[in-house]
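These notes concern the structure reproduced below.
The values are calculated or read from the model by the stated rules, or taken from the named source; none is laboratory data. Worth saying up front: this structure is predicted, and the values here are computed from it rather than measured. FYI the Cβ positions are ideal-geometry reconstructions off the backbone, even for glycines, and counts take in every protein chain you see. We work out accessible area using only protein heavy atoms, side chains counted, and drop any ligands, DNA or RNA first. Shrake-Rupley method; radii C 1.70, N 1.55, O 1.52, S 1.80 Å.
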Protein chains: 2
Amino acid sequence: MRKVELYDTTLRDGAQTEGISYSVSDKLKIAQKLDFFGLHYIEGGWPGSNPKDLEFFKQIRKKRLKYAKICAFGSTARPHLSAQKDANLKSLLKSGAQVITLFGKSWDLHVKVVLRTSLDQNLRMILNSVKYLKKNGCMVIYDAEHFFDGARHNFDYALKTLLAAEEAGADRIVLCETNGGMITSSVVQIIRKVLPRLNTPLGIHTHNDCGMAVANTIAAVEEGCTHIQGTINGYGERCGNVDLIACIANLKLKLGLNCISDNKLQKLTELSHYVSEISNMRHKSNQPFVGESAFAHKGGVHINAMVKYPGTYEHIQPKLVGNKSRFLVSELSGRTSILLKAKELELALDKDALHTKKILKLLQDLEHRGYQFEAAEGSFELLMKKALKKHKKFFDLEGFRVIIEKTKSGKITSEAAIKLKVNKIEEHTAAEGEGPVNALDRALRKALSEFYPALAKMRLTDFKVRVLDERAGTAAKVRVLIQSQDEQDSWGTVGVHENIIEASWQALVDSVEYKLLKDKKE
Amino acid sequence: MRKVELYDTTLRDGAQTEGISYSVSDKLKIAQKLDFFGLHYIEGGWPGSNPKDLEFFKQIRKKRLKYAKICAFGSTARPHLSAQKDANLKSLLKSGAQVITLFGKSWDLHVKVVLRTSLDQNLRMILNSVKYLKKNGCMVIYDAEHFFDGARHNFDYALKTLLAAEEAGADRIVLCETNGGMITSSVVQIIRKVLPRLNTPLGIHTHNDCGMAVANTIAAVEEGCTHIQGTINGYGERCGNVDLIACIANLKLKLGLNCISDNKLQKLTELSHYVSEISNMRHKSNQPFVGESAFAHKGGVHINAMVKYPGTYEHIQPKLVGNKSRFLVSELSGRTSILLKAKELELALDKDALHTKKILKLLQDLEHRGYQFEAAEGSFELLMKKALKKHKKFFDLEGFRVIIEKTKSGKITSEAAIKLKVNKIEEHTAAEGEGPVNALDRALRKALSEFYPALAKMRLTDFKVRVLDERAGTAAKVRVLIQSQDEQDSWGTVGVHENIIEASWQALVDSVEYKLLKDKKE
């Protein structure tokens, strides 16, 4: 079986994502997780560009990695310097990384307007820089930046840059589709022209600006590339790098190629969640293979067919990538979905049991009142467990009061006071917040934190408010949907009320109870 | 130039997204926007499946659409029924839609285990159903569900289903990659086998389960398909349908094909935002072409090169799709849009006037802080008028206080006290409400009612809340969008703040002021 090498650049290209900023400790955590998962190369950063990256290389050397080689990234020597004198190349060597990933220019336009040097000089820079690193005993991966744009504008020159790297002894040559502007057929066409001209194993590095990064990477592998570069969840500048998660699943399950073990593939969903958590990014619910909704069925026709024959509306078995099927409970579905849900939660429930009817009735009542559970499975699970008497309260509310005040100066403040009991021990506390929901959230957690320290690990990632009866204006009932997550999972909860604070309260309490219940199970 | 037809199914397939639930009025708004944008076909829903969809078809007939044909969606007749007796086909005709999109089974497995009928009977169902609709004068688009899976398992049978639809006179035959499990090379291979066997114009309908929906659609067009089906922003069940937004941009800018005008292409970003707002979905910042970050540059090397030569790290000019470059250190923005807006509002403004620069600066500041004016034109109009000194305050706020209290019994109450001045006359009053926003709304109107009796005629019809910075949890900044209407108009207003009450207050005040200003004009 042909083997494909996986090269992760989450810690360097992924860190260019708007909103992502990794600490050294974040980077170490992600690197170790990637190694555990079985990735072959982990690009740690650009040691020449900042001290944080240097520190990472220093610390990662102390960790024992099982599978992965750590790579340091940097550019070819500056035009006016010999390789030996170039500070950037020196810092690459100093990083102690086993592998150096060196990028150079393949697009003549960039050589002229960005490097501001001659085309020949650029070739010499590539040749000498790679040679120098090879002489120093490194494995060298050569990233040909803007290769595809370069090939389209001046194929001969673009090819020469690759030949220079090959001549100097580069161990891999990676064709980079840096601007992400190529459609799949163009990528294929260019690779077909390049491949016969080189002997070095070829890699592919794509970006998602046309929404085709995954297809471009997979097509490149079909054409003969044996090394792929990407980031977990497709993080990266602009529209992101190619999502390695989808690539891995496609390589294994669609092309049948060897890149990680089947067992590790079953950790794919977990890996994706873990990295999104450390990156402080919301996990995309519709992410291919690993999203919470990736195998979720809502349409009645689809649910009906899935019950008759699993796989009618699923392209793979979700468990192969550690995900699962979900049947969304919505106006579009009926009792079948409740039974399926119960099965998913391992609750014994059969079609004609009194419990089932009770839950169905309850669900219909709640939906009639405006609850919606398809995006609030946390609340739905609690609802079923309450109906089946498999749930006990974690606390009793004695009362709360929230005050929002705005003065003439324009200053606005929010304060929440809360009194509750846990096992008959009363807690009475208060907190300020950025707004009333935040104040209430803080006061609730503050009150519960001594009893349930695990709550520190969860956070709220989104809330949505929907007016249910438009004609009632501001007096209308509103539905609040809250999304929460911890290091393992994410879950949705719901509250409905004419008072937005009460609706938020219901969803907050469900979110906290779901977390506590979940932890008890684990 | 070859022409490609655009078929939107946001209102049907898109509505299957977890978390999306459109009201009839939402659907009407989206349909009109899609028409304005220049889409050729808009699938309104499945009239046989629920009364809400029927209502949509009734109401859309009253709107004058300029470009788009409205399509009703449904399945072939039930196995045991003749087409004439099938309730589903009847309701399709009754919808009054100009185009019927009929889906039938192409995968033998589905015929056997889901329809539970014979392969021959399924062919007759397709033939008779299409014939029946054609006889009734409809344009018929035939959606061959699971065509690619069917072709892989039993090519001859899958082809026969298409030939049945063709024989019956279908106007388009659409190859559906329903489960989203095909990689691009397989899609191409299958289309190459099918295309020479048919005379009917072929369409393509893909899903994103492998992360390749866009590439698969574009490859299908390159192979000869002339009709594409998808949803705005790729909404849809599981991992979503193909994103029409990316498809349109790729068709126009990468393949140079005719599907909408260049002018309309410049509204692509606006369209994407508008539909995400109505759908109450967060707009994906890294969405190809239209995301806020799609042309945002963070890496130092990239910014440096972009300054030397624009386009070094951008695959297209962002303005072609109505987007813009952003440098994450210093924000840049276009003043043309402000001038266009001013023209729309009949405010005299020219490019170099001091006012224009002032508004531009203000707008950039506000957008940077999270304001968004696409769905809040009321607020934008006020903003411009304030900047042009064409606005005077209708009242001065002295202060307000909102108290929400929940007791042990579960009872929850909200009260707002407000003090304000109109022409130096002080009004100090209070009101209870169903929630804090309602209490504040009532108190504000109560305080103003003596001075401005016209306020009794307006009402708030919707409000939306969005968390802007997810990492901050409940302390995050939120954006509140309020929709208001009176007997003549409806208008949107916006507020942004960490405190949901303050954000609501801003939007409420804008809403009231917009109404009063509007009345003065009339």
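Odds and ends about this structure:
- The accessible-area ordering, largest first, of the residues B:Ser490, A:Ser490 stands as B:Ser490, A:Ser490, per a 1.4 angstrom probe.
- Positive dipole terminus of chain A, leading residue within A:Ala77, A:Gly240, A:Ile404 (C-beta point charges): A:Ala77
- Projecting 7 Å from Cα along the Cα-to-Cβ direction, the label point of B:Leu320 sits 3.7 nm from its equivalents in the other copies, listed shortest first.
- Taking all protein chains together and a 1.4 Å probe, the residues A:His227, A:His497, B:His153 rank B:His153, A:His497, A:His227 from largest to smallest accessible area.
- Between 0 and 90°, nearest 10: helix B:213-223 axis offset from chain B longest Cα axis: 50
- Environment charge at A:Pro47 (Cβ cut-off 14 Å; Lys +1, Arg +1, Asp -1, Glu -1): +3
- Computed over the stretch A:56-165, the ratio Rg/Rh where both radii use C-alpha atoms and Rh is Kirkwood: 1.02
- Accessible surface area normalised per residue over the protein assembly as shown is 38 Å², counting heavy atoms of protein chains with a 1.4 Å rolling probe.
- Spherically averaged projected area of the stretch A:1-70 from its Cα convex hull (nm²): 5.2
- Pair B:Ala454, A:Lys308: separation of 7 Å Cα→Cβ label points (nm): 6.0
- Neighbourhood net charge (13 Å Cβ-Cβ; Lys/Arg +1, Asp/Glu -1) for B:His80: +3
- Shown for the stretch A:1-61: the carbon plus sulfur share of the solvent-accessible area, taken with all protein chains present and a 1.4 angstrom probe, equals 53%.
- Taking every C-alpha pair closer than 8 Å and separated by at least 6 residues, the mean separation divided by the residue count of chain B gives a relative contact order of 9 percent.
- Interface residues of the stretch B:1-37, defined as a loss of at least 30 Å² in heavy-atom accessible area between the chain alone and the complex of all protein chains with a 1.4 Å probe, are B:Gln16, B:Glu18, B:Gly19, B:Ser21.
- Cβ charges +1 (Lys, Arg) and -1 (Asp, Glu), total dipole of chain B, debye: 740
- Reducing the stretch A:345-410 and the stretch A:211-274 to their Cα centroids gives an inter-centroid distance of 38 Å.
- Summing +1 for each Lys or Arg and -1 for each Asp or Glu among the other residues whose beta-carbon sits under 10 angstrom from that of B:Leu11 gives -3.
- The A-B contact accounts for roughly 9600 square angstrom of buried accessible surface, both chains included, probe 1.4 angstrom.
- Rounded to whole Hz, the Karplus (6.51, -1.76, 1.60) HN-Hα couplings of the stretch A:141-155, x for glycine and proline: 9, 9, 8, 8, 5, 6, 4, 5, 4, x, 4, 6, 8, 7, 4
- The listed residues B:Ser409, B:Ser449, A:Ser325 rank as B:Ser409, B:Ser449, A:Ser325 when sorted by accessible area, largest first, using a 1.4 Å probe.
- With all protein chains modelled, accessible area of B:Leu460 [1.4 Å, Å²]: 10
- Solvent-accessible area lost in complex, 10 Å² minimum, residues of the stretch B:486-503 relative to chain alone, 1.4 Å: B:His497, B:Glu498, B:Asn499, B:Ile500, B:Ile501, B:Glu502
- Taking all C-alpha pairs of the stretch A:254-398, those more than 26 Å from each other amount to 36 percent.
- Seen against the Cα atoms of chain B and their longest principal axis, helix B:377-387 is set at about 40 degrees.
- Note on the stretch A:106-146: with neighbouring protein chains present and a 1.4 Å probe, carbon and sulfur make up 51 percent of its accessible heavy-atom surface.
- Trypsin sites (Lys or Arg not before Pro) within the stretch A:343-382, DSSP loop, no more than 12 other Cβ atoms inside 10 Å: A:Lys351, A:Arg369
- Residue-level accessible surface for B:Trp107, protein heavy atoms, 1.4 Å, Å²: 20
- Against the empirical curve 2.2 N^0.38 Å, the C-alpha radius of gyration of the stretch B:381-420 lands at a ratio of 1.99.
- Cβ-placed point charges (K, R +1; D, E -1), dipole of the stretch B:10-111 about Cα centre in debye, nearest 20: 560
- With the alpha-carbon atoms of the protein assembly as shown aligned to their principal axes, the span from lowest to highest coordinate is 85, 74, 68 Å, starting with the largest.
- Residues along the stretch A:383-427 losing 20 Å² or more of accessible surface when the other protein chains are present rather than the chain by itself (probe 1.4 Å): A:Leu397, A:Glu398, A:Phe400, A:Arg401, A:Val402, A:Ile403, A:Ile404, A:Glu405, A:Lys406, A:Lys408, A:Ile412
- Over 24 Å [Cα-Cα, the stretch A:362-518], rounded percent: 36
- Per-residue [θ]222 nm for chain A (sum of -39500 (n - 2.57) over DSSP H runs n ≥ 4, rounded to 500): -11500 deg cm²/dmol
- Rg/Rg_globular for chain B, with Rg_globular taken as 2.2 N^0.38 Å and Rg from C-alpha atoms: 1.12
- In the stretch B:1-89, Cα pairs under 8 Å separated by at least six residues give a relative contact order of 28 percent.
- The accessible surface of the stretch B:375-472, taken with every protein chain in place and a 1.4 Å probe, is 48 percent carbon and sulfur.
- Label-point distances for A:Val422 to the equivalent site in the other copies, using a point 7 angstrom along Cα→C-beta, read 5.1 nm when ranked shortest first.
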